[in-house]
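For reference, the structure discussed in these notes is given below.
Read-outs throughout are calculated quantities, based only on the coordinates presented, and are distinct from any laboratory measurement. What you see is a predicted model; the values in this text were computed from it and never measured. Cβ placement follows ideal geometry from the backbone for every residue including glycine, while neighbour counts extend to all protein chains displayed.
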Amino acid sequence: MIITKDLQKSFGGNQVLRGINEHIEKGEKVVIIGPSGSGKSTFLRCLNLLEEPTGGEIWFEGNNITDKGTDINKLRQKMGMVFQQFNLFPHMTVKENITLAPVQLGIMNREESEKKALELLKRVGLPEKAEQYPKQLSGGQKQRIAIARALAMNPDVMLFDEPTSALDPEMVGEVLELMKELADEGMTMVVVTHEMGFAKEVATRILFIDEGVVKEQNTPKEFFENPHDPRLKEFLSKVL
Amino acid sequence: MKGILLSGFFQNFADAFYKAVIKDQRYLAYLDGLKVTLLISVLAILIGTAIGLVVAVVKVASSQNKKMWILNKLCNLYTTVIRGTPVMVQLLIIYNLVFTARDTNEIIVGAVCFGINSGAYVAEIIRAGIESVDRGQMEAGRSLGFNYIQTMRFIIIPQAIKNILPALGNELIVLIKETSVAGVIAVTDLTKAAQYVGSVTWDVLPPLYLAAACYLVMTLGITKILEYFERRMTQGDNH
């Protein structure tokens with residue numbers, strides 16, 4: 001579904017990604033972990049071209065999205081993204097946040113999208129918040145709405161950029177629970193996170209990114225019980 | 001004694017008012033002038049906001065896209081020249097540029113000139129407003145599949161407008177007041193009308209007081225309208 005070939009990204013003279021070759025299949029739940037500054041968020045943000053790679057290629061559903069001729073806006077509709085800072089639209093109600101893109105991009109009419117929004121709100125457990133503004137919600141609620149907003153576009157893959165890092169500890173659980181449900185329903189997910197418990201439980205594959213390359217990857221069991229890379233061993237000893 | 005003085009004062013006041021406003025239907029002169037002032041102001045506001053919006057978006061967009069550097073340079077030149085020269089000189093230059101055509105409509109010329117002038121200030125205000133919106137909002141919009149312009153339109157600009165409403169209102173008020181120099185290009189606006197009346201009655205001050213009062217009412221009205229909009233647009237904030 002997503003293929004990266006020798007993906008590279010530099011900011012000025014600072015090379016953050018040094019050639020990443022990955023193949024993410026439909027239905028996979030790939031969790032990316034690594035120390036801060038390792039390039040893991042940059043890698044994720046490259047997948048939908050929020051960061052423009054400075055080298056290599058990215059293929060999504062058979063399209064080379066790094067090719068200038070590709071309509072990235074069209075492809076982004078199929079790639080939901082959830083941000084660390086939620087990035088809800090503060091000038092709109094929760095329902096408007098969810099219906100804006102489907103309606104304005106001509107994917108659904110207003111009626112359909114409102115119905116879908118209410119369904120999604122029920123699914124994320126916040127049906128009573130439809131008419132409220134983001135400022136009235138807690139962090140965990142905001143993030144669940146942000147997930148609902150991304151799901152409203154019926155994406156083929158969901159990208160999560162440290163979705164729980166900005167949350168109070170007591171709100172992390174509700175967001176992870178929702179993500180687990182999504183995973184169980186078969187959604188393809190790529191998740192950058194520091195939540196090792198989530199990685200262990202949900203991931204089908206874990207990538208360890210450090211210094212701009214994938215140093216190691218494995219199934220959760222092998223990854224945590226039998227790490228090979230010395231840097232990964234050191235990292236795990238600190239976070240577990 | 002006091003009573004006589006006071007009644008004398010009122011008598012003078014009533015006389016002056018009668019001469020300045022009622023006699024020979026002079027109030028019509030003010031009304032015509034007021035109409036011209038309002039027409040120039042409204043047109044200038046529309047032109048200025050349109051120019052300002054485009055210039056602001058170009059400036060913000062070109063800070064991320066190096067390919068737009070020529071547009072960026074042009075916009076910078078525009079704001080620098082317009083903001084660095086007096087509006088009266090701009091008015092005279094533009095008027096004499098187009099005056100070569102026989103049937104020039106001075107009101108349109110005035111409106112265009114004030115619009116171009118205001119656009120430079122509005123552009124800077126809107127640019128600051130756009131830059132005050134969190135970067136994540138653009139990313140969220142783009143990640144949903146909106147293109148740059150759509151994200152600006154649905155997500156960034158509405159938030160920017162809310163942030164800049166006070167500054168924008170200020171600019172509107174300044175603009176209305178500045179149109180009082182339109183008289184230099186043979187437009188009979190409110191100020192010019194007051195001057196005409198004063199030159200006929202040989203009593204210069206009362207018509208000017210009246211004109212001042214008219215400007216005050218207009219700017220106060222705008223202040224009130226803006227306060228109303230500000231309250232409405234901050235709905236999402238105060239709960």
Put in order of increasing Cβ neighbours within 10 Å, starting from the fewest, B:Tyr228, B:Tyr121 give B:Tyr228, B:Tyr121
Bridge orientation stat for chain A from DSSP, antiparallel percent rounded to 5, came to 55
Helix B:106-131 sits off the longest principal axis of the Cα atoms of chain B, rounded to the nearest 10 on a 0 to 90 degree scale, by 40
Computed over chain A: longest principal axis from alpha-carbon atoms vs helix A:139-151 long axis, angle to nearest 10 degrees, is 90
For the pair A:Asn64 and A:Asn21, the simple spin-label estimate (label points 7 Å beyond Cα toward Cβ) gives in nm 1.7
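Please state the relative contact order of chain B as a whole percent: Cα pairs under 8 Å, 6+ residues apart? Can you show the working numbers first?
Working: 246 pairs, mean separation 68.3, N = 239.
So the answer I get is 29 percent.
Treating the beta-carbon of each Lys and Arg as +1 and of each Asp and Glu as -1, no other charges, what is the dipole magnitude of chain A about its Cα centre, to the nearest 20 debye?
Working: 30 positive and 36 negative charges, 68 e Å.
So the dipole magnitude of chain A works out to roughly 320 debye.
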Toy charge model, Lys and Arg Cβ at +1, Asp and Glu Cβ at -1: the protein assembly as shown dipole around Cα centroid in debye, rounded to 20, equals 1180
Rounded to the nearest 10, the angle in degrees between the Cα long axis of helix A:230-239 and the longest principal axis of the Cα atoms of chain A comes to 40
Using the Kirkwood radius over Cα pairs of segment B:38-234, the Stokes-Einstein translational diffusion coefficient at 25 °C and 0.890 mPa s, in µm²/s and rounded to a whole number, is 132
Expected unfolding gain across A:Phe11-A:Glu201 under the 0.36 nm per residue rule, minus the alpha-carbon gap, is 65.0 nm
Of the residues B:Asn65, B:Trp202, B:Asn96, the Cα lying farthest along the dipole of segment B:38-234 towards its positive end, which is defined by charges on the beta carbon of Lys, Arg, Asp and Glu, belongs to B:Asn65
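Quick one: putting +1 on the C-beta of Lys and Arg, -1 on the C-beta of Asp and Glu, what dipole do you get for chain B around its Cα centre, in Debye to the nearest 20? If you can, show how the numbers build up before the last one.
Working: 21 positive and 16 negative charges, 92 e Å.
It works out to roughly 440 debye.
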Contour minus Cα-Cα span, B:Phe10 to B:Asp32, at 0.36 nm per residue, comes to 5.1 nm
Of every Cα-Cα pair in the protein assembly as shown, the percentage lying beyond 36 Å is 48
Note to self: C-alpha centroids of segment A:73-137 and segment A:162-223 sit apart, in Å, by 23
Counting other chain Cβ atoms within 10 Å of each Cβ in B:143-156 and taking the mean gives 6
Count of lysine pairs, chain B, Cα-Cα under 20 Å, sep. 8 or more residues or interchain, comes to 10
Mean separation of Cα contacts under 8 Å (at least 6 apart) over the residue count of segment B:19-147, i.e. the relative contact order in percent, is 40
Excluding residues fewer than 8 positions from A:Lys135 in its own chain, the aspartates and glutamates with Cα under 17 Å of it are A:Glu96, A:Asp168, B:Asp134, B:Asp237
Final fewest-first order of A:His91, A:His228 on the 10 Å Cβ neighbour count is A:His228, A:His91
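How much of the DSSP bridge set in the protein assembly as shown is antiparallel, in percent, rounded to the nearest 5? Write out the running numbers ahead of the final one.
Working: 20 of 37 bridges.
DSSP beta bridges in the protein assembly as shown are roughly 55 percent antiparallel.
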Rounded to whole angstroms and listed largest first, the alpha-carbon spread of segment B:115-199 along its three principal axes comes to 65, 20, 15
Of the residues B:Tyr121, B:Gly141, A:Ala203, the Cα lying farthest along the dipole of the protein assembly as shown towards its positive end, which is defined by charges on the beta carbon of Lys, Arg, Asp and Glu, belongs to B:Tyr121
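Going by average Cβ density within 10 Å per residue, which order do the peptides B:170-181, A:203-214, B:211-222 take, highest to lowest?
Working: B:170-181: 19.1, A:203-214: 20.6, B:211-222: 15.2.
Going from most to least packed, we get A:203-214, B:170-181, B:211-222.
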One finds the C-alpha centres of segment B:56-78 and segment B:180-234 to be spaced, in Å, by 37
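Over segment A:57-188, what is the relative contact order in percent, taking alpha-carbon pairs closer than 8 angstrom and at least six residues apart? Write down the numbers at each step before the final one.
Values: 164 pairs, mean separation 42.6, N = 132.
In percent, rounded to a whole number, it is 32.
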Excluding residues fewer than 8 positions from A:Lys5 in its own chain, the lysines with Cα under 26 Å of it are A:Lys26, A:Lys29, A:Lys40, A:Lys68, A:Lys74, A:Lys78, A:Lys215
